[in-house]
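Only one structure is covered here, and it is reproduced in the block below.
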Amino acid sequence: MFDDAYRRANEALHPALRLQQDTIAAMERRKRPARRRWPIYITATAVVLALVLLFTGLPGLDGDSGGGVMSLSAYAISEPAYPAFPQRINADHQAREDYYGEYRTYREELGLIEEFDADFAAKVGDFSAETSQLLLTGVGENRLYSPVSFWIALAMLAETTGGGSRQQILEAMGVEDIEALRTGTQALWRRLYRDNGVSATRLASSLWLNERFTYFEEPLNTLSDCYYAGSYAVDMGTEEADQAIAAWIDVQTENLLQENTSGIETKALTALRLYSTIYYYGGWSSAFNEAENTEDIFTRADGTEVTATFMHRTQEASALIGDTFTAGYLGTENTTIYFVLPHEDVTVEEVLSEDALWERLFDREQWENREVEWSLPKFDVQSDLELQETMEALGITDVFDEALADFSPLIDEEALAAQGLTPPVLNVAHQAARLEVDEEGIRAVAYTELGGDTTSDAAPPEETVVMDLDRPFLVVISSPVEGVPLFVGVIHDPTAS
Amino acid sequence: MADPRATVEQYGDMVWRLSLARTASVHDAEDVFQEVFLRYLRHQDHLNGAEHIRAWLIRCTVNCSKSLLTAPWRRRTVALEEALAAPMDEEARAVYAAVLSLPQIYRTAIHLYYYEGLSVAEIAQATGCREGTVKSRLSRGRALLKGVLHDV
């Protein structure tokens with residue numbers, strides 16, 4: 001019998017004595033009071049290594065990828081300690097009460113009880129709106145974008161640059177100085193981070209350095225302390241380095257972007273690669289019934305038709321009826337997902353270009369209680385956006401310029417010069433993302449990569465609102481910070497894979 | 001506050017076996033094992049009774065094995081050899097190897113149902129899925145195992 005055999009197999013498996021003893025010792029150490037950096041932390045897997053300072057300066061260096069099984073800890077200069085978010089167990093009433101109690105304590109200890117800084121939220125919100133319009137309009141293809149991932153990546157870039165390079169980034173983000181950016185972004189990270197076992201908004205960042213170059217510790221410490229970012233040193237330009245970076249991203253994004261990470265390639269003279277990932281999952285507050293799905297027509301912007309699987313539901317909810325669009329929302333365990341359907345004679349781009357779109361979308365007073373009939377296509381779409389043009393449109397140009405790029409806070413440019421190498425210039429700037437919607441919930445992942453080698457007042461009708469998303473539409477995953485979306489997507493074709 | 005040694009002795013086997021089923025790697029299971037008990041230390045004051053602790057540990061083990069840093073190109077055969085180094089009869093070894101060969105979501109459902117004896121509802125709570133999803137994963141897991149074994 002299978003179950004008997006499986007039971008016998010498991011009964012033969014025990015944790016090694018060494019593992020038990022190490023675990024008990026670690027628990028004993030944890031029980032003793034110790035000076036902590038933050039009130040809440042989990043065991044860090046930090047391995048602090050001395051930076052390899054050997055500098056060769058030889059172009060075309062061919063690294064030896066070595067062999068054997070790789071462990072990312074082997075490359076770690078420092079790894080962050082994430083907050084220990086309480087786990088939600090719905091075993092019984094007491095378990096739920098316990099969870100809410102732990103959650104209150106968690107929020108108190110991370111300073112989340114106070115209202116988030118409205119001015120800083122407005123800056124991030126403005127940045128999100130501006131960059132969404134720049135990145136999501138244009139060709140009629142699916143485009144998915146995470147403003148939060150891009151914001152964090154740019155903030156990290158600001159920490160590693162100086163002079164005009166840093167100043168341009170600060171101005172583009174609307175922040176007066178690096179201290180304000182650092183404090184605000186740290187608070188934003190803590191406000192957004194969530195992982196209770198039922199829903200998740202997991203943020204992660206890392207900086208990858210060339211083990212043959214000389215770097216300063218201060219920005220690495222700042223990134224670790226304030227951005228929950230890990231730092232790693234690898235032999236750039238080798239298959240081993242590329243695989244290590246891809247592995248790190250794959251873990252953070254649950255292997256959902258392997259099509260993109262498999263193409264990560266560094267060069268022997270790559271001086272830095274900076275990554276900011278975001279993973280979001282939310283189950284619908286009320287799941288769709290798969291038995292009610294239908295196969296229906298979705299009409300693309302160019303008028304061509306595809307057949308897609310549509311999920312259906314009718315509910316008492318709220319709707320926003322504008323001159324150019326109708327919007328509805330669906331709730332998940334942790335946030336709200338907005339769907340914006342342009343009117344039949346309006347394009348998605350025209351809606352995205354409306355100045356008041358975001359303000360109206362996040363202002364609940366403009367919404368009306370209605371019965372909403374949903375026809376929502378299931379989809380699993382991906383996009384890969386180049387960011388350099390957008391960064392330049394925001395005024396971030398120096399980091400891309402060989403004569404003006406300033407990475408001096410991070411890398412010893414005098415040491416580079418002594419070896420005949422030029423200071424690094426940003427030449428990689430893109431974001432890959434994926435969005436899945438099905439009967440149970442919605443999942444979105446993204447990573448931003450930055451790298452440098454030595455960038456409607458018509459009166460609303462009194463009738464049921466029909467959200468039949470059978471033509472291109474916008475989807476917005478909101479966050480607990482008002483005006484700051486986690487993800488914005490334009491779905492032109494739900495059947496594209 | 002419970003004694004760490006007593007806690008590890010009481011729940012260590014359960015956490016280890018689930019960690020191994022989830023990760024299919026002795027090295028990764030060791031990381032999960034230690035992480036789970038360190039998290040338990042922080043939450044134990046909120047847990048009442050053996051059943052509550054057990055449910056919490058199962059949930060925590062499932063979650064910790066999701067966010068583990070690991071190298072995806074690590075060969076599955078290495079993990080199987082390490083896990084199967086333990087002494088067990090041939091039938092048990094074959095069944096265990098077959099379960100470890102399943103995708104993670106099916107391994108988890110199979111282990112929690114057939115070894116931990118959890119109900120579908122309990123598995124749904126532990127893994128954060130709907131009961132329908134658990135049922136389909138059990139069904140699919142059994143179907144995949146039938147391709148390898150003949151008495152599931």
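Listed values, structure above:
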item: Candidate set from the range A:227-260 (those that are among the acidic types (Asp, Glu) and within 9 Å of chain B (Cβ to nearest Cβ)); member that is nearest to residue A:211 (Cα to Cα); result: A:250
item: Condition met for residue B:138 (part of a loop (DSSP other than H, G, I, E, B), more than 10 Å from chain A (Cβ to nearest Cβ) and out of contact with any Asp or Glu (no Cβ under 8 Å at 6 or more places or on another chain)); result: no
item: The range B:98-119: number of residues that are surrounded by fewer than 19 Cβ atoms within 10 Å (Cβ to Cβ), over 11 Å from the mean Cα position of the chain (by Cα) and modelled with pLDDT of 90 or more; result: 2
item: Residue within the range A:183-195 that is in a strand (DSSP E or B) and in the same structural domain as residue A:216 (by TED's automatic domain parsing) present; result: yes
item: Wholly enclosed strands (runs of 3 or more DSSP E) of the range A:349-453 bearing at least 1 residues within 24 Å of residue A:252 (Cα to Cα) and touching a strand residue (DSSP E or B) at 6+ places or on another chain (Cβ under 9 Å); result: A:379-386, A:426-437, A:441-452
item: Any hit, the range B:4-23, residues being outside any helix (DSSP H, G or I) and not acidic (Asp, Glu); result: no
item: The range B:4-21, subset more than 7 Å from chain A (Cβ to nearest Cβ) and surrounded by fewer than 23 Cβ atoms within 10 Å (Cβ to Cβ), residue nearest to the chain's Cα centre (by Cα); result: B:14
item: Matching residues, the range A:352-384, being more than 30 Å from residue A:289 (Cβ to Cβ) and of a type outside the set (Phe, Trp, Tyr); result: A:352, A:353, A:354, A:355, A:356, A:357, A:359, A:360, A:363, A:365, A:366, A:384
item: Residue selected from the range A:91-108 under the condition crowded, with 17+ Cβ neighbours inside 10 Å and within 8 Å of chain B (Cβ to nearest Cβ), by the criterion modelled with the highest pLDDT; result: A:102
item: Options B:92, B:71, B:86, B:126; residue that is modelled with pLDDT under 80 and under 30 Å from residue B:6 (Cβ atoms); result: B:86
item: Residue in the range A:178-187 that is among the hydroxyl-bearing types (Ser, Thr, Tyr), surrounded by fewer than 21 Cβ atoms within 10 Å (Cβ to Cβ) and in contact with a Gly (Cβ under 8 Å, 6 or more places away or on another chain) present; result: no
item: In the range A:288-298, the residues that are closer than 26 Å to residue B:136 by Cβ, not hydroxyl-bearing (Ser, Thr, Tyr) and not in a loop (DSSP other than H, G, I, E, B); result: A:290, A:291, A:292, A:295, A:296
item: Counted residues, the range B:83-96 - those being assigned to a helix (DSSP H, G or I) and within 9 Å of chain A (Cβ to nearest Cβ); result: 7
item: Residues (surrounded by 16 or more Cβ atoms within 10 Å (Cβ to Cβ) and either over 20 Å from the mean Cα position of the chain (by Cα) or within 14 Å of chain B (Cβ to nearest Cβ) (or both)) located in the range A:113-136; result: A:117
item: The lone exception for residue A:212 - which of (1) modelled with pLDDT of 90 or more; (2) within 17 Å of residue A:410 (Cα to Cα); (3) more than 19 Å from the chain's Cα centre (by Cα) it fails; result: (1)
item: Test: residue A:334 is in a strand (DSSP E or B) and modelled with pLDDT under 90; result: no
item: Sole exception among (1) in a helix (DSSP H, G or I); (2) away from chain B (no Cβ under 14 Å); (3) buried (at least 21 other Cβ atoms within 10 Å of the Cβ) for residue A:221, by number; result: (3)
item: Qualifying residue in the range A:4-11 (condition: modelled with pLDDT of 50 or more, assigned to a helix (DSSP H, G or I), touching a Lys or Arg at 6+ places or on another chain (Cβ under 6 Å) and facing chain B (nearest Cβ under 7 Å)); result: yes
item: Residues satisfying the stated conditions in the range B:22-57, i.e. touching a Ser or Thr at 6+ places or on another chain (Cβ under 6 Å) and either facing chain A (nearest Cβ under 9 Å) or closer than 20 Å to residue A:89 by Cα (or both); result: B:22, B:29, B:32, B:33, B:34, B:36, B:37, B:38
item: Leading residue by the ranking (nearest to residue A:436 (Cα to Cα)) among those in the range A:297-317 that are at pLDDT below 90 and of a type in the set (Gly, Ala, Ser); result: A:301
item: Unmet criterion (only one of (1) modelled with pLDDT of 95 or more; (2) surrounded by fewer than 17 Cβ atoms within 10 Å (Cβ to Cβ)) for residue A:449; result: (2)
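Each row is one residue, and each column tells you yes or no for (1) surrounded by fewer than 23 Cβ atoms within 10 Å (Cβ to Cβ); (2) within 20 Å of the chain's Cα centre (by Cα); (3) assigned to a strand (DSSP E or B).
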{"residue": "A:232", "(1), (2), (3)": "no, yes, yes"}
{"residue": "A:259", "(1), (2), (3)": "yes, yes, no"}
{"residue": "A:268", "(1), (2), (3)": "yes, no, no"}
{"residue": "A:275", "(1), (2), (3)": "no, yes, yes"}
{"residue": "A:278", "(1), (2), (3)": "no, yes, yes"}
{"residue": "A:282", "(1), (2), (3)": "no, yes, yes"}
{"residue": "A:286", "(1), (2), (3)": "yes, no, no"}
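The values are calculated or read from the model by the stated rules, or taken from the named source; none is laboratory data. If you're wondering where the values come from, they're calculated on a predicted model, not measured in any experiment. Don't worry about glycine lacking a Cβ; one is built from the backbone with ideal geometry, like all the others, and counts go over all protein chains shown.
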